[in-house]
């Protein structure tokens with residue numbers, strides 16, 4: 001009896017212990033489930049954050065790429081500005097040459113001076129060149145105020161001022177909105193489940209666009225345009241003087257008759273192109289009142305300048321006489337001008353005829369343009385952004401990213417010099433950038 005009770009007691013004790021183990025196992029299983037659920041939720045958050053970070057990186061890169069495209073567009077516009085200015089310089093040069101040819105054809109027809117005289121004085125090639133001017137009869141009409149050359153010049157000016165100028169202003173003013181739209185579009189592609197047109201909580205924390213690109217005055221472009229124009233031989237100075245080989249006057253045996261060709265193309269102080277071309281025969285004369293001097297016979301002339309152009313730089317008068325049948329040339333010069341007809345090197349009478357007959361071409365001058373601001377060329381154009389987006393379990397996931405637009409030549413310059421970032425070469429690219437601490441970007445970059 002006692003033995004059976006002892007055995008029964010031990011069996012009950014074992015059953016109680018088995019019940020306690022089951023409870024502990026259930027508690028451990030519950031804890032494991034909680035841990036699993038917790039880790040599953042954390043995994044969802046990590047996955048959502050990684051997805052959002054990748055999407056934001058793509059959006060930031062797209063924003064920097066939009067900036068690069070805008071800067072390259074501005075570079076192409078600036079290069080187009082330069083190309084149009086070079087074309088306009090060629091047109092005014094063609095205009096003054098056409099005016100010269102037309103005037104020279106008229107002088108040849110009147111025999112003042114005759115072609116044979118030039119051939120005798122300066123050689124057959126100069127006589128033949130003067131004789132060939134008869135083929136240029138009427139050319140000056142092409143350079144008239146309504147001529148084809150003037151119309152072509154006005155068309156170039158209209159493109160520069162109205163088309164290119166309007167486009168560059170629109171690019172600069174519209175870049176922030178275009179950049180934001182590009183980033184929003186990239187985010188929308190990465191979250192296709194959202195309703196169309198949904199806006200993301202995207203914040204641009206740092207943006208140095210307004211301080212990076214600056215509008216410059218037209219006068220700052222003038223030296224660069226002048227340097228480019230010097231690359232073209234057609235726009236070079238056209239100054240040549242030929243002398244006859246024998247003694248002409250006993251009073252001045254060292255002097256000779258001269259055939260002077262003068263011409264040049266320049267960008268004046270108002271930013272407008274002008275071109276002058278003249279040719280004159282300067283016959284050496286002598287008298288007892290003034291000694292040796294040069295009697296100028298204007299052979300051809302042409303001056304093309306804008307309607308608002310300043311006065312011609314060379315010596316001239318506004319209303320020269322048509323001829324000198326009523327008064328000696330030297331006496332008129334002494335009374336009406338300050339010309340140096342003893343040792344001068346210009347064609348003042350031909351200049352005067354060019355001024356009196358010049359057409360007036362319409363043009364607005366050099367345009368304003370955009371380039372990198374002073375000091376900005378050594379820095380990249382940064383873009384720091386952040387995104388807050390709903391995540392799993394009602395959480396809001398926050399991410400940050402950065403990208404930059406930078407200038408990089410595809411190959412080194414031929415002269416070996418370093419080139420600062422500028423808006424005349426379309427070498428702008430985009431890349432992701434290291435993130436900066438909030439507030440540092442604004443202090444460290446322009």
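The values are calculated or read from the model by the stated rules, or taken from the named source; none is laboratory data. These numbers were taken from a predicted model, which means no experiment stands behind them. Cβ atoms come from the backbone with ideal geometry, glycine included; neighbour counts cover every protein chain shown.
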**Complete:** Listed by first then second residue, the pairs whose first member lies in segment 208-223 and is under 21 Å from residue 267 (Cα atoms), whose partner is loosely packed, with under 13 Cβ neighbours inside 10 Å, with beta carbons under 9 Å and at least 6 positions apart or on separate chains, are 219/269; 222/269
**Item:** Single condition residue 205 does not satisfy, out of (1) exposed (fewer than 14 other Cβ atoms within 10 Å of the Cβ); (2) over 22 Å from the mean Cα position of the chain (by Cα); (3) assigned to a strand (DSSP E or B)
**Value:** (1)
**Message:** Any residue that is buried (at least 18 other Cβ atoms within 10 Å of the Cβ), at negative phi, in contact with a strand residue (DSSP E or B) (Cβ under 9 Å, 6 or more places away or on another chain) and not in a strand (DSSP E or B) - is there at least one of those in segment 394-412?
**Reply:** no
**Message:** Within segment 350-375, take every residue that is farther than 18 Å from residue 305 by Cα and in contact with a strand residue (DSSP E or B) (Cβ under 8 Å, 6 or more places away or on another chain) and give me the one that is modelled with the lowest pLDDT.
**Reply:** 374
**Request:** Filter segment 325-341 for residues that are part of a loop (DSSP other than H, G, I, E, B) and buried (at least 16 other Cβ atoms within 10 Å of the Cβ) and give the result.
**Result:** 337, 339, 341
**Message:** Checking residue 347 against (1) out of contact with any helix residue (DSSP H, G or I) (no Cβ under 6 Å at 6 or more places or on another chain); (2) surrounded by fewer than 18 Cβ atoms within 10 Å (Cβ to Cβ), only one condition comes out false. Which one?
**Reply:** (2)
**Prompt:** Out of curiosity, is residue 92 buried (at least 19 other Cβ atoms within 10 Å of the Cβ) and either in a loop (DSSP other than H, G, I, E, B) or in contact (Cβ under 8 Å) with a residue 24 or more places away in the chain (or both)?
**Reply:** yes
**Message:** Quick check on my filter: what residues within segment 191-202 are in contact (Cβ under 8 Å) with a residue 12 or more places away in the chain and either crowded, with 18+ Cβ neighbours inside 10 Å or over 16 Å from residue 401 (Cβ atoms) (or both)?
**Reply:** 199, 200, 202
**Complete:** For strands (runs of 3 or more DSSP E) lying entirely in segment 230-296, having 3 or more residues that are touching a helix residue (DSSP H, G or I) at 6+ places or on another chain (Cβ under 8 Å) and buried (at least 18 other Cβ atoms within 10 Å of the Cβ) picks out 258-267, 273-287
**Message:** Can you say whether residue 44 is touching a helix residue (DSSP H, G or I) at 6+ places or on another chain (Cβ under 9 Å) and either at pLDDT below 85 or not in a helix (DSSP H, G or I) (or both), as far as the supplied structure shows?
**Reply:** yes
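Rundown of residues vs (1) at pLDDT 95 or above; (2) out of contact with any strand residue (DSSP E or B) (no Cβ under 8 Å at 6 or more places or on another chain), yes/no style:
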residue: 160; (1), (2): yes, yes
residue: 183; (1), (2): yes, no
residue: 207; (1), (2): no, no
residue: 213; (1), (2): yes, no
residue: 255; (1), (2): yes, no
residue: 263; (1), (2): yes, no
**Prompt:** For residues in segment 208-222 being outside any helix (DSSP H, G or I) and under 14 Å from the mean Cα position of the chain (by Cα), which is surrounded by the most Cβ atoms within 10 Å (Cβ to Cβ)?
**Reply:** 213
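This table checks each residue for (1) within 30 Å of residue 75 (Cα to Cα); (2) in contact with a strand residue (DSSP E or B) (Cβ under 8 Å, 6 or more places away or on another chain).
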site	(1), (2)
216	yes, yes
226	yes, yes
238	no, yes
275	yes, yes
291	no, no
317	no, no
**Prompt:** Is there a residue in segment 310-320 that is assigned to a strand (DSSP E or B), within 41 Å of the chain's Cα centre (by Cα) and crowded, with 20+ Cβ neighbours inside 10 Å?
**Reply:** no
**Request:** Examine segment 193-201 for a residue that is assigned to a strand (DSSP E or B) and within 30 Å of residue 377 (Cα to Cα), and state whether such a residue exists.
**Result:** no
**Prompt:** Could you say which residue among 314, 271, 291 is at pLDDT below 95 and on the phi > 0 side of the Ramachandran plot?
**Reply:** 271
**Request:** Could you check residue 225 against (1) part of a helix (DSSP H, G or I); (2) out of contact with any helix residue (DSSP H, G or I) (no Cβ under 7 Å at 6 or more places or on another chain); (3) at pLDDT 95 or above and say which number it fails?
**Result:** (2)
**Message:** Regarding segment 127-137, can at least one residue be identified that is in contact (Cβ under 8 Å) with a residue 60 or more places away in the chain and farther than 30 Å from residue 62 by Cβ?
**Reply:** yes
**Request:** Kindly indicate whether any position in segment 342-363 is within 19 Å of the chain's Cα centre (by Cα), touching a residue at least 24 places away in the same chain (Cβ under 8 Å) and either farther than 30 Å from residue 242 by Cα or part of a strand (DSSP E or B) (or both).
**Result:** yes
**Complete:** By residue number, the members of segment 297-309 that are buried (at least 21 other Cβ atoms within 10 Å of the Cβ) and farther than 30 Å from residue 247 by Cα are 302, 303, 304, 305, 306
